[in-house]
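The values are calculated or read from the model by the stated rules, or taken from the named source; none is laboratory data. Owing to the predicted nature of the structure, the values given are computational and were not obtained by experimental measurement. A quick note on method: Cβ atoms are made from the backbone with ideal geometry, for glycine too, and the neighbour counts reach across all protein chains shown.
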Amino acid sequence: MSSPYAIGRYTAAAIREKPRVNAAMSSQLLLGEPVSLLEAGKTFSHIRCCDDDFEGYVRTDQLLGVDERTFRLQRDKPAFALELYSTILGEKAGLPITFGARLPEYDGIRLRHGEQVFSYSGQAALSEDLRTDAELLIRFARRWLYVPQLSGGRTPTGIDAAGLIQLVTRLINVRLPRTAEAMSHSGEMVDFVVQAQPADLAFFDNRKGQIDHVGLLLPDSQILHVHDRVRIDAVDHYGIFNYELGRYTHRLRIVKRLLPDMDLPNVLLKKRQKPDEVDENQMAIF
């Protein structure tokens, strides 16, 4: 591959920790997402994702070399597919794509991917047209409900907690790192949980004190996160309370704000209920 730039060629390519087919998958590269080539190999290439500097190894045949202009457009002014599942149709065959795929040179009907022209009839939007607000972020995130958990995943066949947050925030022009721990350094600290607002990010730590989980705060003391599947659970000053299990599953560490403060006093002051009663062990934080 002669160019130092590439984009995802197919639906989703595994980004692996090492240049081996059996190495652990650390993330995924969606169709049209731009990367820098750190080292191009015959079987695997060492890549750096342009939005978050995340590095890993992708099969070289899963990458499509592009010129610098295409790379910059896909990085700075992409058109995003907004359907969980959809297809771009070429002259001879279709190519499946998922939510967050980037459509090169998209004009509202057609796109050019490599040497081929495809048509796309699903919902899409230019990044410059997507507003940066909590309502839109929550709406995007709720589309993923019930998608199964998959470590390193970023598609509707499987996704992890940080992957979901990173993907949906990118669509409102907020760029975050790939892991929950790195993500926790973004945004502004919410000093008191009673000041939290919808679309704030809540971070949770493990027994070693390491941040390893993240979720999106919703109204009424709820949180959207990935635990076995994309789900909505109750959240309070202690952590995430799972009503199915009847216990806490994650311990709250910090809350961070990415979006502007809302002029909505008491928007989250309702006491969280499940649907008929409040569990006596679960205290509303909002």
Residue 188 - would you say it is charged (D, E, K, R) and not assigned by TED's automatic domain parsing to the domain that holds residue 23?
yes
Residue satisfying condition, being at negative phi and touching a Gly at 6+ places or on another chain (Cβ under 9 Å), within set 142, 110, 102, 131
102
Output for the stretch 83-121, where each listed residue is among the small types (Gly, Ala, Ser) and closer than 21 Å to residue 153 by Cβ
86, 100, 101
Any chance residue 29 is hydrophobic (A, V, I, L, M, F, W, C), surrounded by 14 or more Cβ atoms within 10 Å (Cβ to Cβ) and not assigned by TED's automatic domain parsing to the domain that holds residue 173
yes
Quick one: is residue 192 more than 29 Å from residue 11 (Cβ to Cβ), out of contact with any Lys or Arg (no Cβ under 6 Å at 6 or more places or on another chain) and of a type in the set (Phe, Trp, Tyr)?
yes
Every residue in the stretch 77-94 that is touching a residue at least 12 places away in the same chain (Cβ under 8 Å), surrounded by fewer than 17 Cβ atoms within 10 Å (Cβ to Cβ) and either within 18 Å of the chain's Cα centre (by Cα) or within 28 Å of residue 2 (Cβ to Cβ) (or both), please.
77, 84, 85, 90, 91
Looking at the structure I just gave you, is residue 255 surrounded by fewer than 16 Cβ atoms within 10 Å (Cβ to Cβ) and either under 19 Å from residue 169 (Cα atoms) or modelled with pLDDT under 95 (or both)?
no
Test for residue 151: is it among the small types (Gly, Ala, Ser), at pLDDT 95 or above and not assigned by TED's automatic domain parsing to the domain that holds residue 31
yes
Out of curiosity, is residue 55 charged (D, E, K, R), crowded, with 17+ Cβ neighbours inside 10 Å and more than 28 Å from residue 138 (Cβ to Cβ)?
yes
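Picking from 139, 112, 131, which residue would you name as being without any contact (Cβ under 8 Å) to a residue 12 or more places away in the chain, out of contact with any Cys (no Cβ under 8 Å at 6 or more places or on another chain) and closer than 26 Å to residue 216 by Cβ?
After ruling out the rest, the residue left standing is 139.
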Report yes if some residue within the stretch 219-231 is surrounded by fewer than 20 Cβ atoms within 10 Å (Cβ to Cβ) and either modelled with pLDDT under 95 or more than 24 Å from residue 176 (Cβ to Cβ) (or both); otherwise report no.
yes
Any idea which of (1) acidic (Asp, Glu); (2) buried (at least 17 other Cβ atoms within 10 Å of the Cβ); (3) more than 14 Å from the chain's Cα centre (by Cα) is the one residue 160 doesn't satisfy?
(3)
Considering only the stretch 51-66, how many residues are in contact with a strand residue (DSSP E or B) (Cβ under 7 Å, 6 or more places away or on another chain) and closer than 23 Å to residue 115 by Cα?
8
Return the only residue of 243, 248 being over 21 Å from the mean Cα position of the chain (by Cα), at negative phi and surrounded by 15 or more Cβ atoms within 10 Å (Cβ to Cβ).
248
